[in-house]
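Taking it in order: structure first as structure tokens, then the write-up.
The values are calculated or read from the model by the stated rules, or taken from the named source; none is laboratory data. Everything numeric in this text was worked out from a predicted model, so none of it was measured. All Cβ positions, glycine included, derive from the backbone under ideal geometry; neighbour counts span all protein chains shown.
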Amino acid sequence: MAPRARPLVLPNIEALRPYVPGKPVEELERELGISGAIKLASNENAAGSSPRALAALAHLPPLAEYPDGSCFHLRRALAAHVGVTPEEVFTGGGSNEIIDLLVRTFCAPGDDEVLAYQPSFVCYELAPKAHGCRLVQVPLDERSYAYDPEALLSAVTPRTRILFLSNPNNPTGSWMSRAALEHLASKLPPDVILCVDEAYCEFASDRAYPDACELRPLREHMVVLRTFSKVYGLAALRCGYGIMSPRLVNYLDRVRLPFNVSVPAQVAAMAALQDGEHVRRSAFVNAEGLAQVEAGLDRLGIKHFPTQANFVFVDLERDGRLVYEALLRKGVITRPIGGPRHMRITIGTREQNDRLLGALGEVLGRP
Ligand SMILES: Cc1ncc(COP(=O)(O)O)c(C=O)c1O
């Protein structure tokens with residue numbers, strides 16, 4: 001048979017590498033033959049899952065039946081929770097799925113551009129690269145990692161279709177104030193979809209931190225993403241949502257696969273929304289843990305950056321990968337990410353934070 005000229009995949013797919021998540025505890029324990037490892041690598045909730053969600057999962061409907069593909073009840077509950085109509089709510093299998101759907105729905109492969117800060121959440125990179133459109137990254141200032149809306153605005157071109165803004169930013173913790181976000185939302189050309197990803201919003205405590213939903217009147221094409229993976233502690237179930245105009249919801253509904261949110265995810269998410277007590281406790285545990293970790297980093301002389309999330313970004317001023325590997329050998333999993341000397345550390349329980357700080361001190365020779 002004559003060789004076929006067409007390669008199996010397009011060059012953009014050939015160039016991709018599989019996403020490597022934070023190392024699972026079980027994997028590290030197996031590799032090192034140890035037990036009792038801890039993971040502070042994936043921004044999971046130190047306070048665990050919403051008890052109400054866990055209780056609801058004990059009474060699932062028959063699993064032989066498909067979920068309600070329209071998420072009717074969950075969307076109504078979310079609408080009431082946020083103060084919008086159900087037609088303005090889109091639910092996905094994690095907010096990751098919604099990021100991917102936004103790119104596939106609103107960007108044409110080729111010259112269409114997706115704009116994001118660098119470093120920022122990895123899915124803002126993966127989705128356009130997999131879809132074959134252009135990714136335009138605006139570097140954050142390496143001394144402060146502070147957000148500057150003007151830098152984003154000056155990178156907008158007539159081909160910009162979506163601007164992804166993680167507020168606060170994963171992995172740096174940077175965040176945009178209400179005034180700056182208002183400026184961005186009003187100056188961005190109206191045909192660009194401004195997607196404000198508020199995965200960590202419930203942990204934010206600064207009074208100037210904005211609720212992006214309140215800025216929706218400023219522009220038609222705006223998406224606010226939130227997730228059940230963080231403050232509700234349900235990362236394993238994969239459920240996230242976006243608030244946007246009914247028109248955008250309608251387009252995403254055409255592209256999403258049927259039954260994209262599982263029955264356990266819908267049931268647990270509905271219950272979690274009623275669990276205000278867990279949200280408050282999670283924010284409290286995080287605030288205490290963050291103060292503990294920041295004080296410990298100061299004692300160790302490790303540079304860290306302001307954060308409004310459940311993680312902190314550090315500049316180790318040496319090869320971050322080596323520090324990461326040395327911590328692994330002590331049974332502590334962190335995430336070397338965002339730069340060659342850098343690391344993102346998720347806030348854990350008091351005991352986990354103590355263990356991390358002790359291990360960091362030993363690795364850096366600063367006990
Ligand atoms: C900024 C940001 N957005 C979205 C997500 C993804 O959340 P989900 O678990 O809902 O897909 C994460 C997870 O780490 C994140 O950091």
Margin query: Let me spell it out: the conditions are (1) assigned to a helix (DSSP H, G or I); (2) of a type in the set (Lys, Arg); (3) near the ligand (Cβ under 9 Å from one of its atoms), and ARG216 meets all of them except one. Which number is the exception?
Written below: (3)
Note to self: Can you confirm whether HIS304 is assigned by TED's automatic domain parsing to the domain that holds ASP197 and either among the acidic types (Asp, Glu) or under 21 Å from the mean Cα position of the chain (by Cα) (or both)?
What the structure shows: no
Check: Here are some conditions: (1) closer than 21 Å to ARG226 by Cα; (2) more than 13 Å from the ligand (Cβ to nearest atom). GLU125 meets all but one. Which one does it not meet?
Finding: (2)
Next item on the list: Look through ARG226, ARG207 and report the one residue that is closer than 25 Å to SER282 by Cβ and more than 16 Å from the ligand (Cβ to nearest atom).
Entry: ARG207
Next item on the list: Report, ordered by the first and then the second residue, all pairs with beta carbons closer than 8 Å, sequence separation of six or more or different chains, a first member in segment 218-229 that is under 8 Å from SER95 (Cβ atoms), and a second member that is aromatic (Phe, Trp, Tyr) and more than 7 Å from the ligand (Cβ to nearest atom).
Entry: LEU225/TYR241; ARG226/TYR241; THR227/TYR241
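Report, by residue number, each residue of segment 288-298 that is touching a helix residue (DSSP H, G or I) at 6+ places or on another chain (Cβ under 8 Å) and of a type outside the set (Val, Ile, Thr).
Of all residues in segment 288-298, those touching a helix residue (DSSP H, G or I) at 6+ places or on another chain (Cβ under 8 Å) come to 288-289, 292-293, 296-297.
Of everything in segment 288-298, those that are touching a helix residue (DSSP H, G or I) at 6+ places or on another chain (Cβ under 8 Å) and of a type outside the set (Val, Ile, Thr) turn out to be GLU288, GLY289, GLN292, GLY296, LEU297.
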Note to self: If a residue must be crowded, with 16+ Cβ neighbours inside 10 Å and under 26 Å from ARG344 (Cβ atoms), how many such residues does segment 147-177 contain?
What the structure shows: 21
Notebook entry, point to check: Given ALA326, ALA291, ALA287, which one is surrounded by fewer than 16 Cβ atoms within 10 Å (Cβ to Cβ) and under 20 Å from the mean Cα position of the chain (by Cα)?
Noted result: ALA287
Next item on the list: Confirm whether GLU277 is in a helix (DSSP H, G or I), under 25 Å from the mean Cα position of the chain (by Cα) and surrounded by fewer than 18 Cβ atoms within 10 Å (Cβ to Cβ).
Entry: yes
Notebook entry, point to check: From the list GLU142, GLU65, which residue is assigned to a loop (DSSP other than H, G, I, E, B), of a type in the set (Asp, Glu) and under 30 Å from ALA359 (Cβ atoms)?
Noted result: GLU142
Note to self: I need a count of the residues in segment 233-248 that are crowded, with 24+ Cβ neighbours inside 10 Å and over 17 Å from the mean Cα position of the chain (by Cα).
What the structure shows: 1
Margin query: Go through segment 9-62 and report how many residues are of a type in the set (Gly, Ala, Ser), more than 16 Å from the ligand (Cβ to nearest atom) and not in a loop (DSSP other than H, G, I, E, B).
Written below: 2
Next item on the list: Could you check how many residues of segment 153-183 are over 23 Å from PHE203 (Cβ atoms) and more than 16 Å from the ligand (Cβ to nearest atom)?
Entry: 10
Margin query: Cβ-Cβ under 7 Å, sequence separation 6+ or interchain: first residue in segment 195-216 and in the same structural domain as CYS239 (by TED's automatic domain parsing), partner part of a loop (DSSP other than H, G, I, E, B) and more than 13 Å from the ligand (Cβ to nearest atom). Which pairs?
Written below: ALA208/SER177; PRO210/SER177
Checklist line | Count of residues meeting criterion [over 20 Å from the mean Cα position of the chain (by Cα), over 24 Å from ASN310 (Cα atoms) and of a type in the set (A, V, I, L, M)] in segment 249-274 | finding: 5
Item checked: Positions within segment 104-139 being of a type in the set (Gly, Ala, Ser), assigned to a loop (DSSP other than H, G, I, E, B) and surrounded by 15 or more Cβ atoms within 10 Å (Cβ to Cβ), in sequence order -> SER120, GLY132
Check: With respect to the numbered conditions (1) under 30 Å from HIS81 (Cα atoms); (2) in contact with a Pro (Cβ under 7 Å, 6 or more places away or on another chain); (3) outside the structural domain of TYR209 (by TED's automatic domain parsing), which one is the sole condition not fulfilled by ASN310?
Finding: (2)
Margin query: With at pLDDT 95 or above, among the polar types (S, T, N, Q), over 21 Å from VAL84 (Cβ atoms) and away from the ligand (no atom under 12 Å from the Cβ) as the only criterion, which of SER186, SER262, SER245 stands out?
Written below: SER262
